[in-house]
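J.: Have a look at this one.
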Amino acid sequence: MGAPPGTSRSKRGHFLRAALPCLALTALQSAPAAAQSLTPDLFNPNRGGFVAPDTLPTRRTAGVPQAPLDALPALPDPNADPRKRQQAPATSRVGQVPTYGLPAANGASGSGYDSLNRKRQQPKLYPGQPKPKRPVGPGSPVPPATPDRTLGPPRIAPPPSETAHKVPVPPALAGNVPGQPLRRRLKLDDDAFGAVGDYAGSFLIKGGLELSAGYDTNPARLNKPVGSPAFVVAPDLLVMSDWERHALVADLRGSFSGYTNNMPATIDGFASPSPVEIDRPDFTGHVDGRLDVDRDFKLTSQLRLRLATDNPGSPNVQAGLQKYPVYAAYGTTLGFDQTFNRFQVAAGATVDRTAYTDSKLTDGSTFSNGDRDFNQYGGIGRFSYDLKPGLKPFIEIEGDTRVHDQAADRNGYFRDSNGGYAKVGSSFEFSRILIGEISVGYTARNYVDPRLSQLAGFLTAGSLIWNASGLTTVKFATDTQIAESTVPGSSGVLVHTYGIEVDHDFRRWLTAVGKFTYGTYDYQNQNRNDQTYSLEGNLIYKLNRNIWIKGTLRHDILNSNQPGSSSQGTVMLVGVRLQN
């Protein structure tokens, strides 16, 4: 079966169309035809890769500027300003050779490896900005942790819940501005309503003033009570240095107790044992200094002043007085503190003077108290050993001599004396829960007058603070002193005092304070023994850091083995405290 007619005619037509052009070209050319060979340009994507560029039938005519066909497009300069590159006009990619891959050192940035060995750009720094360190390479040791920009413990980032929906802290306040000086971290403030104080140079100054008014049922502590309205003015001042070395602290506290009523001049026909005017000042102040010569050796000093009167109800108070005579006890201590590893030696020399003003009597005359004025010279030493953290036992020894301005007192007794004490104890600091020190010992004093026997007794001294909880604090204090006396035949007074105080915060702005004080007064060779009890309660309402409202209720009891010498009284005061 033959092919269809249409198919044979179509094949003959294709053959003739291909053969006629070949015959025409053969007739027109005189040179013999050469065979075309394959070259490496076979896979070149350029146009005309199989023939010479100058014989291309579609090449551009002369006079038209054109780039060479084999020229590569210029690569962007990595050192050039990117803004200038953006402003350059865009060129057409028609007729350009496409480039595959990345140019050399394209990802080197400003700190990586550059195979073209081009100079890296140095970062521009702000004035005062620290110069960044070069990054470490593989195998380099781990650099130390970067210290915090502020002094104190390292910062710990708070959880997100504490920083959510809060205004961010400005960089200048946070201390992360380049070139900003280091900011000193503020100390922790445990009392949200405590006095802040003001800085004067490198000194922190805190001051306060308490104004109270109320009623005292027996201000003169008479056997038959006589009451009077009362008011109290109590200023205080605390100045502390803020130095890396050395220290200077001044603590000044005073009060003035005033009464609107006068006491009777006579009782049952006899001169009253209490003054008519019973206003009494009281001031206690000391200035402590420390000079750090080196790490282990320090020079210490103290200036002290006590301004007060005899206690109401004391047998040292003369009968028929118009007002209490005031005495001033002031002195200084110069010493040193040397540390030998765990062993510590502290010693000092003391000089003190006690002086009384003249007594003003109800009849208008005056009586000299010069026989009660005396100077005291002594020395004190303490030897302690740091047994372990929080426990430091010590031994303390003191000796002194008292020299009166007048050899004999008003009753003809020679009261110059020599005395001292020795005690052992320890200081405590257990996890900030129990802080302080306590000691026990023995004290004695010998007088020049043979009629005055030795005054000696058991000694207790100490002060402890127990932080029972975050809201409750318990304080305990005890002290022993040998006081001078004007009672005929009595060598002196051995005074023991014990006190406990409990502070409890119902709220941060509401505090209750309870105090209990017990004391014994032993008038040697006079067969007189007095016991005192004092129970006090305070309620403090803190409006803010500068204003407190305070209420006080106190009851005092004096029990004496001498007839007619016992007394008791109650004090009620309401006041305000202003502080800064």
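The values are calculated or read from the model by the stated rules, or taken from the named source; none is laboratory data. Because the structure is a prediction, the values reported are computed rather than measured. A quick note on method: Cβ atoms are made from the backbone with ideal geometry, for glycine too, and the neighbour counts reach across all protein chains shown. All accessible areas refer to the heavy atoms of the entire protein, side chains included, with ligands and DNA or RNA removed. Shrake-Rupley method; radii C 1.70, N 1.55, O 1.52, S 1.80 Å.
J.: Would it be correct to say that Val474 is aliphatic (A, V, I, L, M) and modelled with pLDDT of 95 or more?
T.: Working: aliphatic (A, V, I, L, M): yes; modelled with pLDDT of 95 or more: yes.
The answer is yes for Val474.
J.: Could you run through segment 414-460 and say how many residues are in contact with a Pro (Cβ under 6 Å, 6 or more places away or on another chain) and β-branched (Val, Ile, Thr)?
T.: Taking segment 414-460 first, the residues in contact with a Pro (Cβ under 6 Å, 6 or more places away or on another chain) are 426.
Then drop every residue that is not β-branched (Val, Ile, Thr), which leaves none.
Residues that pass the stated criteria total 0.
J.: Follow-up question, since we're still on this one. Among the residues of segment 461-499, what is the count of those that are of a type in the set (A, V, I, L, M), under 21 Å from Asn311 (Cα atoms) and within 35 Å of the chain's Cα centre (by Cα)? Outline the logic, then answer.
T.: Let us first name the residues in segment 461-499 that are of a type in the set (A, V, I, L, M), namely 461, 464-465, 468, 471, 474, 477, 482-483, 487, 493-495.
Filter again for under 21 Å from Asn311 (Cα atoms), leaving 477, 482-483, 487, 493-495.
Subset that is within 35 Å of the chain's Cα centre (by Cα): 477.
Adding up the residues that qualify gives 1.
J.: Please identify the pairs in which a residue from segment 188-212 that is β-branched (Val, Ile, Thr) has its Cβ atom under 7 Å from the Cβ atom of a residue that is part of a strand (DSSP E or B), counting only partners at least 6 apart or on another chain.
T.: Sorted first by the residue in segment 188-212, then by its partner, the pairs are Ile205/Asp198; Ile205/Val239.
J.: When only residues in segment 402-435 that are among the acidic types (Asp, Glu) and more than 36 Å from the chain's Cα centre (by Cα) count, which is farthest from Ser485 (Cα to Cα)? Steps first, please.
T.: Taking segment 402-435 as the starting set, the residues that turn out to be among the acidic types (Asp, Glu) are 405, 409, 416, 429.
Now restrict to residues that are more than 36 Å from the chain's Cα centre (by Cα): 405, 409, 416.
Values: Asp405: 15, Asp409: 10, Asp416: 12 Å.
Within segment 402-435, the match that is farthest from Ser485 (Cα to Cα) is Asp405.
J.: Give the residue, chosen from Gly208, Gly175, that is surrounded by 16 or more Cβ atoms within 10 Å (Cβ to Cβ) and at pLDDT below 70. First the steps, then the outcome.
T.: Working: Gly208 fails: at pLDDT below 70.
Going through Gly208, Gly175 in turn, just one is surrounded by 16 or more Cβ atoms within 10 Å (Cβ to Cβ) and at pLDDT below 70: Gly175.
J.: Right, here's the next one. State all residues of segment 281-298 that are farther than 16 Å from Gln344 by Cα and of a type in the set (A, V, I, L, M); if no residue qualifies, say none.
T.: Val287, Leu291
J.: Across segment 413-451, what is the total count of residues that are under 28 Å from Ser491 (Cβ atoms) and part of a strand (DSSP E or B)?
T.: At the first step, the residues of segment 413-451 found to be under 28 Å from Ser491 (Cβ atoms) are 413-425, 438-451.
Okay, now just the ones that are also part of a strand (DSSP E or B), so 414, 417-425, 438-447.
Within segment 413-451, residues that are under 28 Å from Ser491 (Cβ atoms) and part of a strand (DSSP E or B) number 20.
J.: I'm checking my understanding of the structure. Among residues of segment 365-401 that are within 17 Å of Arg342 (Cα to Cα) and of a type in the set (A, V, I, L, M), which one is least open to solvent (accessible area, probe 1.4 Å)?
T.: Leu391
J.: Given (1) open to solvent by less than 60 Å² (accessible area, probe 1.4 Å); (2) in contact with a Gly (Cβ under 8 Å, 6 or more places away or on another chain), identify the lone condition not met by Leu248.
T.: (1)
J.: A follow-up question, please. Filter segment 475-494 for residues that are open to solvent by 20 Å² or more (accessible area, probe 1.4 Å), within 30 Å of Arg451 (Cβ to Cβ) and aliphatic (A, V, I, L, M) and give the result.
T.: Listed by number, the residues that qualify are Ile482, Ala483.
J.: From Thr511, Thr472, grab the single residue that is of a type in the set (Val, Ile, Thr), surrounded by fewer than 14 Cβ atoms within 10 Å (Cβ to Cβ) and over 25 Å from Gly370 (Cα atoms).
T.: Working: Thr511 fails: surrounded by fewer than 14 Cβ atoms within 10 Å (Cβ to Cβ).
Going through Thr511, Thr472 in turn, the sole match is Thr472.
J.: Here's another thing I want to ask about it. Any residue in segment 283-290 that is over 24 Å from the mean Cα position of the chain (by Cα) and in contact (Cβ under 8 Å) with a residue 40 or more places away in the chain?
T.: no
J.: Still on this model: Quick one: is Tyr324 surrounded by 14 or more Cβ atoms within 10 Å (Cβ to Cβ), among the aromatic types (Phe, Trp, Tyr) and in contact with a Ser or Thr (Cβ under 6 Å, 6 or more places away or on another chain)? Lay out the reasoning, then the answer.
T.: Details: surrounded by 14 or more Cβ atoms within 10 Å (Cβ to Cβ): yes; among the aromatic types (Phe, Trp, Tyr): yes; in contact with a Ser or Thr (Cβ under 6 Å, 6 or more places away or on another chain): yes.
Yes: the conditions hold for Tyr324.
J.: If you don't mind, there's one more thing I want to ask. Just for segment 537-563: of the residues that are closer than 25 Å to Thr520 by Cα and open to solvent by less than 60 Å² (accessible area, probe 1.4 Å), which one is farthest from the chain's Cα centre (by Cα)?
T.: Let us first name the residues in segment 537-563 that are closer than 25 Å to Thr520 by Cα, namely 537-538, 552-563.
Cutting the leftovers down to open to solvent by less than 60 Å² (accessible area, probe 1.4 Å) gives us 537-538, 552, 556-558, 560.
Details: Gly537: 31, Asn538: 28, Thr552: 31, Asp556: 39, Ile557: 42, Leu558: 43, Ser560: 48 Å.
Within segment 537-563, the match that is farthest from the chain's Cα centre (by Cα) is Ser560.
J.: Quick one: in segment 181-205, which of the residues that are surrounded by fewer than 13 Cβ atoms within 10 Å (Cβ to Cβ) and of a type in the set (D, E, K, R) is modelled with the highest pLDDT?
T.: Only one residue fits best here, namely Asp198.
J.: Still on this structure, I have one more. Quick one: Val502 ticks every box in (1) open to solvent by less than 50 Å² (accessible area, probe 1.4 Å); (2) modelled with pLDDT of 95 or more bar one, so which box is it?
T.: Going through the list (1) open to solvent by less than 50 Å² (accessible area, probe 1.4 Å); (2) modelled with pLDDT of 95 or more, Val502 breaks only (1).
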